[in-house]
Structures are given as C-alpha cells and as structure tokens.
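Only one structure is covered here, and it is reproduced in the block below.
The values are calculated or read from the model by the stated rules, or taken from the named source; none is laboratory data. Since this is a predicted model, take the numbers as computed values, not measurements. Every residue, glycine as well, gets a Cβ built from its backbone with ideal geometry; the counts of neighbours run over all protein chains shown.
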C-alpha cells in the first residue's frame, strides 16, 4: 500500500475487526510514533472488554506450545484470541510446533486468532507501553481473550506479565536447577501455576515442588478470594487443558467481580500510567540529547568528568526552555510512508 | 556496624582494597542513594584500569560454571578477579557448582576474588547504571579483571554485556531450538564465542553452527582488527581454557590499543551517560509522581481518560517549578543507618 493512512482512520477499521488495520496500529504503537498517540488514546477509552492473560515462564518451559494448545481450546468455546508475544524465542513463524497435533499454521490461518511478536530490543524503554497498547488495539478489534506471552527472565518481561487480569506462570520438569532458580522470582506473581510436559515421568516432582513452595508462601498472600491452583498439562496429549481453562474462567470472575480484582486493575492502571510517562520522558530526553551527547561522552571516556555530573548537564540541556514543546505531533521523517 | 560511614570515607577504604567498604559502596550504588553520588563520581574518575569482560548466554548455557572456571584460571596468572552477576539464576550462594573440581566456596574464600549479585528487580531502571558503578568500585579496589555476567535474555541484560571491553557469548549444546533461537540476537555482540560443555558428544555441532553463522554475518562486521574466535571449553575437564584466556588477552590488546577499541570505549561512555541520565530522570520523576499518581491511576482504571494524556499531566506536575531541585543530597529517611 502506498498511501499513508492516518491512524484515526485505522482505528475505525480496527474496530470493525479488520486485521491489516490492527497490524498497522500495533506497528505504530511499537515504533512510538507521535502521530498515532491520539488514536491510541481513543482506543484506550473504547477498550476494556477483553480478558487479558499474562503467561510467563523460563525458556524451555514450553510456553509457546502451551499458548498454541490453550488457544485451540479457547477457539472451541467460540472465543476470539489475540496473542502478543514479548519473547524473542517465540516460534510464531508458521512451522509445526506440536508435531501433528496442532500446527501453528492452523492458528495463523484462523481469522479468530491474531498472533503478534513485539520487538524486544530497541524499544527505547517503551516495551511495556507498546505491549499494553497492542492489547488495547486487539481488544477494540473484538478479541475476547488476549494472551501476553513473555519470557520470565528480565525485569520488564516479568512486569508485563503482571500487568494482566490473570497471570499464568509456566514451569516444566527437567530444566535443571539453574533455570528453576529463576522461578523463585516468579512464584509470587502467579494467579495460576501450570506445569507443562506432564506426559513426562518427572513432572510429578515439579508439581509437588510448586505446591510445597506455595504452602510455605501462603501466609503472605494478598488474595483472599483466590487460592492459586497448580495445574499439570500436556500440550502433547491435551491432558489438563479442561482444568486450565476452568481455572482461567474462575479467575476471570475474580478479576472482574471482586474487590481484589478492582485493586489489581488499579495497580495495572498505575503501572501503565508510570510506564507511559517514563517512556514519554525518556523519549523526549533522547531526542533532545542527540546533539549534546557525543561531546559529553567523549569527556566521559577520557574520565575528565563523571557520569553523574555529565548526566545532569545533559538533562539540563535537554529540558531547557523550548525543548519540552518539541515532543508531539510530528511524524519522524525517516519513517517511509509505505511502511506504516 | 552501627555508625553510618560517609561514602567519601568508604572510597578511601575501598581504594586500599578493603572488601567491606567495596561491598557497602556497591549496595549504595545499587540503591541509588543520592548521598553516594559524589563518591561514585570520584570513583569513576579514579578508575579505568581494569579489563571489563561482559559474559552472557541463555539460561542453561553453563555461564556461572564457566565464570568460576575462568576465574580460577585467571587467578593462576595472579590476577585479582571481580564478578558482578546480573543474573537471577546465578548460583553464587556458596555451594559446589563444579562437583569436586572447583568449589564456589574456594572462590568465595579467596581474597583475590570478589563476587557480587546485583538485584535485577526494582532497580528503578537503574540496573545498567548500578552495574557499571559496581565495576568502577571494583576497579578502584584493585581488581584487574572484572567479569559482568548477565543472562542473555532481556534488553537490559544484553546491553549491559555490551558495555564492556570484551563481550563473551556462551552457547551450549543440547538446549533445544527454542532456547538457541534467542542466540540469534546475541550473535553480533560477541567478541568471543564460547561453546561450553564440550565434553558432550553433540558439542561439535554447536561449534560448527556458530562458525557458520559467523561466516554468513562476516560482511557486516565492524571490527577490522578482530576475527571473532569460537572457543570450545569444558568446565568439567578444564579443556579449552588456555585458548579462552589467550583469546581474552588478545582482545584486551585490541580493546586498549586500537582505533576500534577507542570507538568501543566511546560507545560505552555514551551508553553510560545516557543510562545515568535516564536513571536520574526517571528517579526524579518517580519521586515527584508519588503524590499525583494514585488519583490519575484511578481515572485511568475507569477509562475516563487515556494513558498518554494522564502521563503528560503527571509529567507536567512532576516537573513544575521547584520539583527539579528536590533531587539531591538527602538520604532517604527509610534507610536504616546500620544497613549501609
């Protein structure tokens, strides 16, 4: 397509469920295009209907396969499913990921499923903001359940998984101690624990381990309406997915119908507000810093001065009169028209 | 200890190599204590002697074991080694990590080795800043080689690994496609590739794969003075560590003695300048936002307004006259004296 379609026009198309418009809006959100902000603001105010599931786990825990199997299951319930993968290892490129059982291409070709990978590098600190914007775009587009898949390593990724109505943490048997240790940091964020690969003989030990860790941590739980379940599944045999979808349904009721659900929504709103503000701030600063940073970096390299003094110098220069007003409403000139 | 020791005093102790002072300064840097900034500024200007090695790889690649084995080797050359682990899965808690060969406790009890894990969560965006401050503190303390170990997943972690003189990327055989896929994003940042676990029979395939990927990418290389080597090691048998330490020595000469080394140091300085500025900015904003954010988040939760308008409102409130001057030179009251 050669015409640059204004974002406001894309909003109306996305609201009718048109997938190309949804994709282009997500690209604009991801790139942090100032032109798209008015549209994203409109979208936010019109969204808020979908059930957002954050799903996280360490590499090798079988997250993507599980997301595919869960999506297939939700489709049989007639739900439209959006998947936002914040995970450089996600294999959403079309190949077979479950052998003969479910082919990724079945999902890719299903108009009731939308799969999108977010670029995790170079997002100028705006990964969380862009991801949550993508969720709203899908919400507006009529997707009932939106799964944010993140790799559970790295601060941003774990925070993004938390910024959902229902957080699912995936563990797997046999990953070894080094990997499982990461899990400790993810234990407390789970609303639902899933142990994948339960066709393996060593899965039971992982199930028992997690239940034990949960019992130890129970006293500190801040969720009176909810007992965190531990569900074993096998994406290969399909076992456990009934229990998992039931757990998700039950948690949806908690998320939308209880006081702790409201508190959670407020916490998500606060997270989003702060991430958006940080992103705008850092972006405004980065733009203003372009001219000043090289000379300051050279002084820093020579150790003529220290990072703190020079950073303050850079900040002062970036926020001197006038520069605060440069921030909005012009499309960066290096974005080619036909790309967006 | 019950007396609060001023950071400036700790600097002099750290410069004499006193480990408790080094540890306390790193804690203060990690917490972003404003009182410590003058000291960190001094330290930066006095540091710059150590060889900084960034070592990264996906979970399960055997990074920590490799770091331990490499450290033992560097010790035999008489070098003092600092290890800064930005990796929630690092097993630096004292147990045996190499069976009978090298015990972590041997390193822990060696005064020529200092091991420190950085908190990767809740660092208020200051992880890179704090990590590089920690490196300077160790540099001032007389450590010759400083290894920053990061898990190669997540934008921050990969960037931190890049912010070193020599970046080592660790791969391992048998991790499966999902994990290896992450590696693609780390391929271009390596100055030295290491394949660990080369006692395994499938290691050769991993070596060949990486060499092949490097050949494909060779045309885009921006390092005329350097051919990226691929070194196979076994932390278990000790094989390959001679080649690895030789490669590290050779790259050190490039880092400190060539034009591309100078450009790299300038890029590191720029990264550091921008990370420090971002951190100061976000921190100043977060402090100012405390009073305003709750009410704005509530409006956001009700979708009465959108994240962008409210974020701009929050920024305007945070940076209105006066608030920019609150940022410095008072210790946060909730830090207990004897903790620091």
inquiry  = Residues that are within 30 Å of residue B:13 (Cβ to Cβ) and modelled with pLDDT of 75 or more: list the strands (runs of 3 or more DSSP E) wholly contained in segment B:136-232 that include at least 2 such residues.
reply    = B:145-151
request  = Could you pull out the residue among B:295, B:311, B:288 that is in a helix (DSSP H, G or I) and farther than 26 Å from residue B:31 by Cα?
outcome  = B:295
inquiry  = What's the number of the only condition in (1) assigned to a helix (DSSP H, G or I); (2) closer than 27 Å to residue B:301 by Cβ; (3) at pLDDT 90 or above that residue A:79 fails to meet?
reply    = (1)
query = Name the residues in segment B:11-61 that are touching a strand residue (DSSP E or B) at 6+ places or on another chain (Cβ under 9 Å), in a loop (DSSP other than H, G, I, E, B) and either more than 14 Å from chain A (Cβ to nearest Cβ) or on the phi > 0 side of the Ramachandran plot (or both), would you?
reply = none
inquiry  = Being touching a strand residue (DSSP E or B) at 6+ places or on another chain (Cβ under 7 Å) and farther than 21 Å from residue B:201 by Cα is the filter here; which residues of segment B:230-269 pass it?
reply    = B:247, B:248, B:251, B:252, B:255
request  = Report, by residue number, each residue of segment A:295-305 that is under 15 Å from residue B:276 (Cα atoms) and either crowded, with 21+ Cβ neighbours inside 10 Å or more than 7 Å from chain B (Cβ to nearest Cβ) (or both).
outcome  = A:296, A:297, A:299, A:300, A:305
task = May I ask you to list pairs of residues, at least six apart or on different chains, whose Cβ atoms are under 6 Å apart, with the first in segment B:54-66 being under 15 Å from residue B:233 (Cα atoms) and the second being modelled with pLDDT under 85 and assigned to a strand (DSSP E or B)?
result = B:65/B:98
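For every residue, the table says whether it meets (1) surrounded by fewer than 20 Cβ atoms within 10 Å (Cβ to Cβ); (2) over 21 Å from residue B:284 (Cα atoms); (3) facing chain B (nearest Cβ under 7 Å).
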{"site": "A:260", "(1), (2), (3)": "yes, yes, no"}
{"site": "A:265", "(1), (2), (3)": "yes, yes, yes"}
{"site": "A:273", "(1), (2), (3)": "no, no, yes"}
{"site": "A:283", "(1), (2), (3)": "yes, no, no"}
{"site": "A:286", "(1), (2), (3)": "yes, no, no"}
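Assess whether residue A:28 counts as being touching a residue at least 12 places away in the same chain (Cβ under 8 Å) and in the same structural domain as residue A:255 (by TED's automatic domain parsing).
Answer is yes for this residue.
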request  = Taking the residues in segment B:185-201 that are touching a strand residue (DSSP E or B) at 6+ places or on another chain (Cβ under 9 Å), surrounded by fewer than 24 Cβ atoms within 10 Å (Cβ to Cβ) and more than 18 Å from residue B:51 (Cβ to Cβ) as candidates, determine which candidate is nearest to the other protein chains (Cβ to nearest Cβ).
outcome  = B:186
